[in-house]
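For reference, the structure is listed below as structure tokens.
Just so you know, all these numbers are worked out from the coordinates, no wet-lab data involved. Just so we're clear, the structure is a prediction, and the values are computed from it rather than from any experiment. Counting neighbours? That spans all protein chains shown, and the Cβs are built from the backbone with ideal geometry, glycine included.
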Amino acid sequence: MKVSSFINLKKKYKANAFRWHVVELYRLGLISEAQILAELKISRNSLRVWNRAYQRYRLRRYYPEPNYSRLKFPKLLMKKKTDEIALLKQQLADTQKLLQQEKLKREALETVIQIAEQELKIPIRKKSGPKQ
């Protein structure tokens with residue numbers, strides 16, 4: 001089959017029906033790409049764009065666009081975020097409580113060392129700086 005029958009339709013090549021018909025012939029292998037480009041005098045890029053658009057159009061019935069208004073994803077995401085925030089707040093409170101306990105423990109040890117140094121008159125803490 002020749003594309004020459006389409007040359008008189010070239011004035012209407014912007015019409016989708018013409019494009020789809022050319023792409024279908026190309027996809028079926030009835031006409032080579034070189035023949036289409038030469039006889040219709042269109043660019044290779046145009047043919048590829050038409051081919052991509054045709055592919056998307058053909059796949060649209062199998063993959064309809066989802067209706068996000070009916071989906072419950074936003075509610076699930078909000079619940080997930082609030083649960084995550086509550087968990088992080090709990091972890092922060094636990095960490096602060098642990099930090100407070102460690103500060104008290106350090107202060108108690110410092111006090112014990114001071115009392116031991118005063119009563120036993122032995123230097124327990126290591127002196128800072130180089131040895132003399």
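What is the order of R61, R52, fewest Cβ neighbours within 10 Å to most? Walk me through the numbers before you get to the answer.
Details: R61 7, R52 11.
Lowest count first: R61, R52.
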Seminar exercise, completed: Env charge @ Y54, Cβ radius under 9 Å, K,R +1 / D,E -1, value +4
Exercise. When the Karplus curve 6.51 cos²θ - 1.76 cosθ + 1.60 is applied with θ = phi - 60°, which whole-Hz ³J(HN,Hα) does each residue of the range 33-39 get, with x for Gly and Pro?
Worked result: 4, 4, 5, 4, 5, 6, 7
